Amino acid sequence: MPNGLLGKAAPAAATYTAVYTVTAGKTATANVRLVNLDAINSVTIRLAIAPPGYAAPAAPANADYIEPLDVVIPAGGLLEEIGFAMSAGEVLVAFVSAATVTVRC
């Protein structure tokens, strides 16, 4: 099974960012980690898997979210989701309340 970096981003605040798109004809089992680099302030995040054809910065549909809306990551904290399946063309999308978060898939 292949492994390694699929995508990474340092999203701008309050903007939906496409972090990774599954290659056509392929599937992926992915892990994602979001790290809040701010040592003082917490942030909120949104994480979704949008269907093929999704284009940032549009908001994903409600059914696409894999975390509740506006999950809080404390100062210096992280959130990790592991082992989620993605189909060909699907897009991992992140939204962060501050530009202090890094995302790695």
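The values are calculated or read from the model by the stated rules, or taken from the named source; none is laboratory data. What you see is a predicted model, and the numbers here were worked out from it, not measured in a lab. Positions of Cβ are generated from backbone atoms using ideal geometry, with glycine treated the same way; all protein chains shown enter the neighbour counts. For accessibility, only protein heavy atoms count, side chains too; no ligands or nucleic acids. Shrake-Rupley method; radii C 1.70, N 1.55, O 1.52, S 1.80 Å.
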- Could you tell me which residue of region 53-80 is most open to solvent (accessible area, probe 1.4 Å), considering only residues that are closer than 20 Å to Thr15 by Cβ and acidic (Asp, Glu)? Asp70
- Note on the structure: Flagged pairs (Cβ under 6 angstrom, 6 or more apart or on separate chains; first in region 62-76, more than 16 Å from Leu92 (Cβ to Cβ) and modelled with pLDDT of 95 or more; second open to solvent by 40 Å² or more (accessible area, probe 1.4 Å) and assigned to a loop (DSSP other than H, G, I, E, B)) are Val72/Ser42; Pro74/Ser42; Ala75/Ala39; Ala75/Ile40; Ala75/Asn41; Ala75/Ser42; Gly76/Ala39
- Note on the structure: In region 35-61, anything touching a helix residue (DSSP H, G or I) at 6+ places or on another chain (Cβ under 6 Å) and at pLDDT below 95 is listed as none
- Search region 30-41 for residues that are of a type in the set (Phe, Trp, Tyr) and pair each with any residue that is open to solvent by less than 10 Å² (accessible area, probe 1.4 Å) and outside any loop (DSSP other than H, G, I, E, B) when their beta-carbon atoms are under 6 Å apart and the residues are at least 6 apart or on different chains. none
- Top-ranked residue in region 36-52 [being open to solvent by less than 80 Å² (accessible area, probe 1.4 Å) and in contact with a Gly (Cβ under 8 Å, 6 or more places away or on another chain); ranked as nearest to Lys8 (Cα to Cα)]: Asn36
- Query: Going through region 1-29 one residue at a time, which ones are among the polar types (S, T, N, Q) and either touching a residue at least 60 places away in the same chain (Cβ under 8 Å) or assigned to a strand (DSSP E or B) (or both)?
  - Reply: Thr15, Thr17, Thr21, Thr23, Thr27, Thr29
